[in-house]
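Chemist: Following this message is one structure expressed as structure tokens.
The values are calculated or read from the model by the stated rules, or taken from the named source; none is laboratory data. Everything numeric here is computed off the predicted structure, so don't read it as measured data. Reconstructed Cβ throughout: ideal geometry from the backbone, glycine too, with neighbour counts over all protein chains shown.
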Amino acid sequence: MADAPYPFWTDEELEERRQRSRELYVARYKTEVRAAFAEIERECRGELRALFELTDDLRCLGDDPDLFTEHPELLTAARFLTRPAISADTLKIVGQGNGPLASICEFLDHDRFPWLAGERAGSPSRAEVNRALAFTARIMAEQRAQTRSRTQSSRAQEEAVRSVLLDCGLTYVDSNDVRRRIRELGDDLKRGLTTSNYQELLGRGEFTRETVLAGARCDVPVRLPDGRLFPIECKVSNSEVNSTKRLIRETRGKHIEWRREFGGDLLTGAVLAGSFSMINLRQAQEAGVLPFFEHELETLMAFIEAGAHPR
């Protein structure tokens, strides 16, 4: 490690941090993620069982047109009865004509539920129903676990960044207060902080969370004590392939647009956890993104306390 641990990192320093981040992700997956999945699978099985009981093991699924109006909590489980499973956004589109219930009935997976159509239509055995229910719960849980893990990891990461910024002596401003200030100025909430208003929305040494910056959502917008903007993106990646989306398309893409809006004094930080490819790390850094790693946020603190000037 170099004497002054401030980005930009050398390839050797990046590789060291990249490998450690990956190791920590694997360790967490083996313990927390796997244990959480068992609980999520039980949760999904309970939701599906409620749907099965209300619809006589799905045989009455299409009989009540008000099923999801009266029981909206069952719609999520029902989306996983189809082949393939229908996302909430897709269901809004395909269900525009006949409604969500008719669309789900149209795309039911009859291989999984053979008692609903064809020669096997009739009364299924309890073992048959239980197998179908368990299989569906597994599909449902896999998607929910991925979504929940990303959300929880992102929130934890943002809280860790917030703690570091507070320890640096910066002041947190609630994002609702920032949006209120935008409205009071008569500015567009969809544009958020812009060149014409950011000095009124964030004072020197203030930061907030999840606020729009020049039309793009920023996880942690920071205004440094010297007045420069320092937006920080919090990114968790579960694979090197996924890191292209998280670090290049999202973070580097925003950085380029933010600099186009605010000028070359703007810094963009990326706090990273999980698995990232060396190529993506190098590409992001060459574009001006400053990589920090969640497992050593002391480097973020040292960078800010030293005046936030990349080496």
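Chemist: Is it true that some residue in the range 108-124 is in contact (Cβ under 8 Å) with a residue 60 or more places away in the chain and at negative phi?
Modeler: Among the residues of the range 108-124, at least one is in contact (Cβ under 8 Å) with a residue 60 or more places away in the chain and at negative phi, which makes the answer yes.
Chemist: Could I ask something else about it? Go through (1) of a type in the set (Asp, Glu); (2) surrounded by fewer than 18 Cβ atoms within 10 Å (Cβ to Cβ); (3) over 30 Å from GLY288 (Cα atoms) one by one and return the number of the condition GLU15 breaks.
Modeler: (3)
Chemist: Of the residues GLY264, GLY227, which single one is at positive phi and either outside the structural domain of THR194 (by TED's automatic domain parsing) or without any contact (Cβ under 8 Å) to a residue 40 or more places away in the chain (or both)?
Modeler: After ruling out the rest, the residue left standing is GLY227.
Chemist: Here is a check on your reading of the model: is ARG209 assigned to a loop (DSSP other than H, G, I, E, B) and within 30 Å of GLN19 (Cα to Cα)?
Modeler: Yes.
Chemist: Okay, moving on. Any idea which of THR244, THR211 is under 16 Å from GLU158 (Cβ atoms) and among the polar types (S, T, N, Q)?
Modeler: Of THR244, THR211, the one residue that is under 16 Å from GLU158 (Cβ atoms) and among the polar types (S, T, N, Q) is THR211.
Chemist: Give me the residue from the range 81-91 that is touching a helix residue (DSSP H, G or I) at 6+ places or on another chain (Cβ under 8 Å) and farther than 14 Å from CYS105 by Cβ and, out of that set, surrounded by the most Cβ atoms within 10 Å (Cβ to Cβ).
Modeler: Among those residues, the one meeting the criterion is ALA85.
Chemist: Looking at the range 159-208 only, could you name the residues that are of a type in the set (Lys, Arg) and out of contact with any helix residue (DSSP H, G or I) (no Cβ under 7 Å at 6 or more places or on another chain)?
Modeler: Those that are of a type in the set (Lys, Arg) and out of contact with any helix residue (DSSP H, G or I) (no Cβ under 7 Å at 6 or more places or on another chain): ARG162, ARG179, ARG180, ARG183, LYS190, ARG191, ARG204.
Chemist: Report, ordered by the first and then the second residue, all pairs with beta carbons closer than 6 Å, sequence separation of six or more or different chains, a first member in the range 62-77 that is surrounded by 11 or more Cβ atoms within 10 Å (Cβ to Cβ), and a second member that is assigned to a helix (DSSP H, G or I) and of a type in the set (Asp, Glu).
Modeler: ALA77/GLU47
Chemist: When you scan the range 29-107 for helices (runs of 4 or more DSSP H) that lie fully inside it, which ones turn up with 2 or more residues that are at pLDDT below 90, of a type in the set (A, V, I, L, M) and closer than 24 Å to ALA145 by Cα?
Modeler: Those helices (runs of 4 or more DSSP H) span 34-54.
Listed here are the residues, each with its yes/no results for (1) on the phi > 0 side of the Ramachandran plot; (2) among the charged types (D, E, K, R).
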position: GLY99; (1), (2): yes, no
position: ALA127; (1), (2): no, no
position: ARG144; (1), (2): no, yes
position: VAL173; (1), (2): no, no
position: ARG179; (1), (2): no, yes
